Structures are given as C-alpha cells and as structure tokens.
Number of protein chains: 2
Amino acid sequence: MIRINRLTDYAVVVLAEMSRGSDVRTVSRISADTGVPLPTVAKLMKALAHGGLVVSHRGAAGGYSLNRNAAAISVADIIEAVEGPIAITACVDDADDQCGIEQLCPMHGHWSRINQAIRRSLDGISLAEIAAMPVFEPVAAGQPI
Amino acid sequence: MIRINRLTDYAVVVLAEMSRGSDVRTVSRISADTGVPLPTVAKLMKALAHGGLVVSHRGAAGGYSLNRNAAAISVADIIEAVEGPIAITACVDDADDQCGIEQLCPMHGHWSRINQAIRRSLDGISLAEIAAMPVFEPVAAGQPI
DNA sequence: TCAAACAGGACCACAGTGGTCCCATTTGGA
DNA sequence: TCCAAATGGGACCACTGTGGTCCTGTTTGA
C-alpha cells in the first residue's frame, strides 16, 4: 500500500527539530525533545547517518548533527534514507523482473512515470519548509483523497 | 513503504485486458487471457466489483464486465478499489490519531498536501491510456528515481 | 583511565500481503 | 424443473516487512 513508514514520519519530526536548534545532539536529547522513544531514535539516526542526512560524532561529547542545510534536504531524501529507493512497484526498481507477468504488463512504462511524479512531489518539499511550519497547526480533518 | 500492491498491479492488467475486448468475461477467461492465477483473479474481481469498477453477472452465463468507460477509470480508482483509500500516513486517514506524536508533528499539514499530490498523479492516468499502450514497450532500465 | 555515546546487529511480536481453498447462492439453458 | 456454471463470502496459512527492544563492541573527550 502507498504508505509512509512510521519511522520515516519520526525521521521527519526528528530532523525538523534538529534544524531548529543546536548543532550536535545526542540521541537521548533528541528523544526528549521529540517524544520519540530513545531506542527508536537511535535506530533512526543510524539510518539517517548512512543516508548522509546527518553526521555522527562518536565519543564522550558525541551526538549527531545535520549534514546539510535544511533547505537542501527534501522529503524524498528522508524517505530514501529510511526506507530505501522510492519504487512503487518491484518492476520500477532496477532491473528485477519480480511479478512474473512482465512481458504482458500494460503498466510497463507507466509505473515508472507515476513513480517519477510521486518522486517529484516528494522532492518538492524541503525540511526547511516543514521546520518553519507552526507545530500546532489546526487539523482540518484529513480526507484520504 | 511507498509501494503498489501486487494485486493492484494485477488489477490494472486485468482491467486493461477487459477494456480491449468483449463485454462479459468469466474469471477463468480473464485468467487465461492475462496469465494471472485463477483464484487470484477471482479474489480481485470481487474487490473491483465492490469498488464499482466492474459489474458482476451471476449464474450460468455469468462473469464480469466493466462498469465504466476505460477513460473514466483512473489508476487512483483502481488502487482504492483494491487497497482502500490512498493515505500515505495514518494521520492523513480520516480522524485517527495513530502515531502518538500528533500534536508535535511538524508534518501535520504536509502529508496531506503530499497525499493530494500523489493522488493527483494517480488520477492523471486513465485505464484507456494504459490499454492503448503497446504491450511490448521496450524497457528503459527503470531507475527508482 | 573511564564514562558517555555511537556502531552494528540480533531477536521478537505483530500486521499485512498473496495465495489457496471451501461452502453458499444465483441463474441461464437444457 | 433441474443442473451445471459461475459468482459471493469468507476462512486459513505462509511469508515478509515493520516497529520496537536489547546487547555487545568501539570510539573519544575530559
């Protein structure tokens, strides 16, 4: 299903918080600031560091800092760091024939196109925009649309 | 993860095939025509009938027919019939507070916006386009992008 | 030297997916 | 009227991925 992972959602929250304040933060500090459970933050930061969105600082005064300006980090970047490449079907993913009806698939080129459109949407929102947003935005009851 | 279900992929294949030919088709016929396993087609057609994309005809000369012109069926329609509402996070889905950090969530309005963008992309491709597509489109090795 | 903090990975429960199978109901044609 | 064909509804199961938890090893500044 088309769904952002919970961890990804947390990642956005965490990164937004980090972009608003001090440079290097420990996992426990981030956890306290965001309300995301500590082990989960730890896990997340590893993925984000692997994905190049944050830099880790080991040792006694260690922690993590943002690797890029918030305006240079998109939602797509975050999703990919946590979940891997944005590929809406297996056949969009590089070179694997996974679904067994590949030759007959009328979606052959179309998923790729849709994938690009989705990717573009996600590229179009930066962490800076998100971090700049008021955190107590009134909820319009979200229609799934 | 952002991924179209396999069943949804099959659904598109099935519907495209149906839009190309005769009016009422049995599940076994569809299965033979598309290469999708019979029980899976059966399961799928139930969902598609529930979703209003096809009409069922019970009884000895029964089967399924398209409920709408192919141009009036979008990829989003198909996804929703098979998978349910397009909602990229739980909090986009109607009214449920699922992730526990809802009040602090800087993505509060943004997922909704992205959801709409994704929805629009999917609305923008009709079954007619897909059915009109040559089925042996050369593969450009799909980058996940 | 040592405590703080990250790095790496294993483990587990749960939810969802994809597939299979069975029984009940409907209905057109013989 | 009967029966075979076909859908309707649902249950079951194996597998995969997610989210969360926990442990050990390594790094490093004070």
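The values are calculated or read from the model by the stated rules, or taken from the named source; none is laboratory data. Every value quoted in this text rests on a predicted model; they were computed, and no experiment measured them. All Cβ positions, glycine included, derive from the backbone under ideal geometry; neighbour counts span all protein chains shown. SASA here: full protein model, heavy atoms, side chains in, ligands and nucleic acids out. Shrake-Rupley method; radii C 1.70, N 1.55, O 1.52, S 1.80 Å.
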Read through the list (1) touching a residue at least 12 places away in the same chain (Cβ under 8 Å); (2) within 16 Å of DNA strand D (Cβ to nearest atom), then give the number of the only condition that A:LEU38 fails.
(1)
Is it the case that some residue within segment A:22-32 is in contact (Cβ under 8 Å) with a residue 60 or more places away in the chain and more than 12 Å from DNA strand D (Cβ to nearest atom)?
no
If you check every pair at least six apart or on different chains, which have Cβ atoms under 6 Å apart with a residue in segment A:55-81 that is aromatic (Phe, Trp, Tyr) first and a residue that is part of a helix (DSSP H, G or I) second?
A:TYR64/A:MET45
Of residues in segment B:66-90 being more than 11 Å from chain A (Cβ to nearest Cβ) and within 14 Å of B:LYS46 (Cα to Cα), the one surrounded by the fewest Cβ atoms within 10 Å (Cβ to Cβ):
B:ASN67
Here's a check for you: in segment B:5-36, which residue that is in a loop (DSSP other than H, G, I, E, B) and open to solvent by 10 Å² or more (accessible area, probe 1.4 Å) is modelled with the lowest pLDDT?
B:SER22
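Within segment B:52-65, track down each residue that is open to solvent by 40 Å² or more (accessible area, probe 1.4 Å) and more than 12 Å from B:ARG25 (Cβ to Cβ).
At the first step, the residues of segment B:52-65 found to be open to solvent by 40 Å² or more (accessible area, probe 1.4 Å) are B:55-61.
Selection gives B:ARG58, B:GLY59, B:ALA60.
Could you check segment A:3-37 and list, in sequence order, the residues that are of a type in the set (A, V, I, L, M) and more than 9 Å from DNA strand C (Cβ to nearest atom)?
The answer is A:ILE4, A:LEU7, A:ALA11, A:VAL12, A:VAL13, A:VAL14, A:LEU15, A:ALA16, A:MET18, A:ALA32, A:VAL36.
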